[in-house]
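For reference, the structure is listed below as structure tokens.
The values are calculated or read from the model by the stated rules, or taken from the named source; none is laboratory data. Not measured: the values here are computed from a predicted model. Don't worry about glycine lacking a Cβ; one is built from the backbone with ideal geometry, like all the others, and counts go over all protein chains shown.
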Amino acid sequence: MRQIRNGGGEKHVQASNGNQWSAGELPPEEILFGSTEFMRAVRQKIQKVASSDLPILIQGENGTGKEVLARYVHASSAWSKGNFVKVNCAAIPGTLLESELFGYEQGAFTGAYAAKEGRVELANGGTLFLDEISEIDLSLQAKLLQVLQDGRFSRIGGYEEVRVVTRVICASNRRIEEEVQAGRFRNDLFYRIDGVRLTLPPLRERKVDLEGLVAHFMSIYRVRFQRDAEPLRRTVLRVLEQRNWPGNIRELENWIARCVLLGVDGAMEFFAGEGKTGMASPGPGSSPMRLRSVTEKVRQEREYEVILKTLGKYNWNRRRTAAALGISYRTLLYKLREAGLPSLRARKDAALSAPPASGV
């Protein structure tokens, strides 16, 4: 990365790594954008503006993938050879955010024993991602505006101007227009960062993409945890589709991680006691789904799978199967009828009535 300050010089910084969805390797495009019309429009807009230096504002609820989208824009642009530098404006107190962004000179304040570059300098030649930018104090917004306008600023305690050329992407879980109206955000800064606006929908509006996201996270956490977890059954997927997912994709990812570690039954326990926030509202004429019935459905399906595998192992000998399963013969017959599995007599009758094989 090329530094323009003080006659140039080389400076490299490694981007931070987090989990696969929020800050690590980018997911495949078909997973990131899914198949909804809304996300197709987002993808098309990115393809048009990614190569420019126009600022981008990404809005959406927490956990919808704003940072992933920012990283995708960076990787798709001419700035990809530089660093992707993230600043979480909500996680850094206002008194420290200025020094984190712009750096400081030696002796600028107590404890400043050496000069330090800020994140803005580290993003020179690359992308500066300001996450939750609506949390920045008004007093600091003016200095940030200057950087966006002419690429110049001074470190804390310094007099020399630092010049940078960087692509700026901002994100917020709030509607910044409302923050401007409330007097908490400068309107001139808002107009500067609002070059292109991208809005990410919540997961509850992307249910058609849920199955693909589940498969993606399952493959990631099987490798990460070294577990041979089986794909989720259709019954479990239907349960997941009933949820509102207030934490969006981030919540889904965490649930899949639990599922790989603890199994489906163990992961289902995390849905207990969450009330109305987790489950989707029932449609007209439908009754609400209770956690007990959900758990029972999952248990029954897993039980039927074990019975079928054991029957196949013992060539459909029901007495040997019952003994192997540790249940009575009568209990096995009951469970076979409950599952709608054919009896031995029905299987023989079906075999006798079937047409002979053609021999081809």
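From the list Arg250, Arg192, exactly one residue is in a helix (DSSP H, G or I), under 21 Å from Glu67 (Cα atoms) and assigned by TED's automatic domain parsing to the domain that holds Tyr72. Which is it? Quick ask: steps written out before the conclusion?
Details: Arg250 fails: assigned by TED's automatic domain parsing to the domain that holds Tyr72.
Arg192 is the lone residue from the list that is in a helix (DSSP H, G or I), under 21 Å from Glu67 (Cα atoms) and assigned by TED's automatic domain parsing to the domain that holds Tyr72.
Would you call Arg186 within 30 Å of Gly151 (Cα to Cα) and at pLDDT 95 or above?
yes
Conditions: (1) assigned by TED's automatic domain parsing to the domain that holds Leu252; (2) buried (at least 17 other Cβ atoms within 10 Å of the Cβ); (3) not hydroxyl-bearing (Ser, Thr, Tyr). Glu211 meets all but one. Number of the miss?
Just one mismatch for Glu211, condition (2).
Just checking, does the stretch 102-119 include any residue being under 30 Å from Lys48 (Cα atoms) and of a type in the set (A, V, I, L, M)? Before the answer, list the steps.
Residues of the stretch 102-119 under 30 Å from Lys48 (Cα atoms): 119.
The next check asks that each one be of a type in the set (A, V, I, L, M); those that pass are none.
The answer is no; no qualifying residue exists.
Conditions first: (1) over 20 Å from Leu69 (Cα atoms); (2) part of a helix (DSSP H, G or I). Ala112 passes all but one, so which condition is the exception?
Just one mismatch for Ala112, condition (2).
Are any of the residues in the stretch 259-274 over 30 Å from Trp245 (Cα atoms), touching a helix residue (DSSP H, G or I) at 6+ places or on another chain (Cβ under 7 Å) and either modelled with pLDDT of 50 or more or loosely packed, with under 12 Cβ neighbours inside 10 Å (or both)?
Going through the stretch 259-274, the residues over 30 Å from Trp245 (Cα atoms) turn out to be none.
Within the stretch 259-274, none of the residues are over 30 Å from Trp245 (Cα atoms), touching a helix residue (DSSP H, G or I) at 6+ places or on another chain (Cβ under 7 Å) and either modelled with pLDDT of 50 or more or loosely packed, with under 12 Cβ neighbours inside 10 Å (or both).
Of everything in the stretch 49-89, what is in contact with a Phe, Trp or Tyr (Cβ under 6 Å, 6 or more places away or on another chain) and among the small types (Gly, Ala, Ser)? Give them in sequence order.
Selection gives Ala70 alone.
For the stretch 118-156, give me the residue count where each residue is over 20 Å from Leu69 (Cβ atoms), under 30 Å from the mean Cα position of the chain (by Cα), of a type in the set (S, T, N, Q) and outside any helix (DSSP H, G or I).
The qualifying residues number 1.
Quick one: which of Asp228, Asp209 is assigned to a helix (DSSP H, G or I) and charged (D, E, K, R)?
Asp209
Quick one: which residue in Glu160, Glu178 is part of a helix (DSSP H, G or I) and either surrounded by fewer than 19 Cβ atoms within 10 Å (Cβ to Cβ) or modelled with pLDDT under 95 (or both)?
Glu178
Using the structure shown, decide if Glu211 is over 16 Å from the mean Cα position of the chain (by Cα) and of a type outside the set (Lys, Arg).
Numbers: over 16 Å from the mean Cα position of the chain (by Cα): no; of a type outside the set (Lys, Arg): yes.
Answer is no for this residue.
Are any of the residues in the stretch 195-204 assigned to a helix (DSSP H, G or I) and either more than 30 Å from Ser52 (Cβ to Cβ) or of a type in the set (D, E, K, R) (or both)?
Looking only at the stretch 195-204, we keep the residues that are assigned to a helix (DSSP H, G or I), and these are 203-204.
Right, trim to either more than 30 Å from Ser52 (Cβ to Cβ) or of a type in the set (D, E, K, R) (or both) and you get 204.
Yes: the stretch 195-204 contains one or more residues that are assigned to a helix (DSSP H, G or I) and either more than 30 Å from Ser52 (Cβ to Cβ) or of a type in the set (D, E, K, R) (or both).
When the stretch 51-81 is examined, which residues are found to be under 21 Å from the mean Cα position of the chain (by Cα), without any contact (Cβ under 8 Å) to a residue 60 or more places away in the chain and over 16 Å from Ile249 (Cβ atoms)?
Ala75, Ser76
For Val165, are the conditions met, namely being at pLDDT 95 or above and either within 21 Å of Ile56 (Cα to Cα) or among the charged types (D, E, K, R) (or both)? Spell out the reasoning first.
Details: at pLDDT 95 or above: no; either within 21 Å of Ile56 (Cα to Cα) or among the charged types (D, E, K, R) (or both): yes.
So Val165 does not fit the description; no.
What's the number of the only condition in (1) surrounded by fewer than 22 Cβ atoms within 10 Å (Cβ to Cβ); (2) modelled with pLDDT of 95 or more; (3) not acidic (Asp, Glu) that Pro93 fails to meet?
(2) is the only condition that Pro93 fails.
Quick grid of which residues meet (1) surrounded by fewer than 20 Cβ atoms within 10 Å (Cβ to Cβ); (2) within 17 Å of Ala267 (Cβ to Cβ); (3) out of contact with any Asp or Glu (no Cβ under 6 Å at 6 or more places or on another chain); (4) at pLDDT below 95:
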| site | (1), (2), (3), (4) |
| --- | --- |
| Ile169 | no, no, yes, no |
| Arg174 | yes, no, yes, yes |
| Gln226 | yes, no, yes, yes |
| Arg238 | yes, yes, yes, yes |
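Read through the list (1) buried (at least 19 other Cβ atoms within 10 Å of the Cβ); (2) among the hydroxyl-bearing types (Ser, Thr, Tyr); (3) without any contact (Cβ under 8 Å) to a residue 24 or more places away in the chain, then give the number of the only condition that Tyr221 fails.
All conditions are met except number (3).
Which ones in the stretch 179-233 are touching a Leu at 6+ places or on another chain (Cβ under 7 Å) and among the small types (Gly, Ala, Ser)?
Answer for the stretch 179-233, where residues must be touching a Leu at 6+ places or on another chain (Cβ under 7 Å) and among the small types (Gly, Ala, Ser): just Gly195.
Can you tell me which residues in the stretch 231-247 are farther than 14 Å from Phe217 by Cβ and either in a loop (DSSP other than H, G, I, E, B) or not basic (Lys, Arg) (or both)?
Arg233, Thr235, Val239, Glu241, Gln242, Asn244, Pro246
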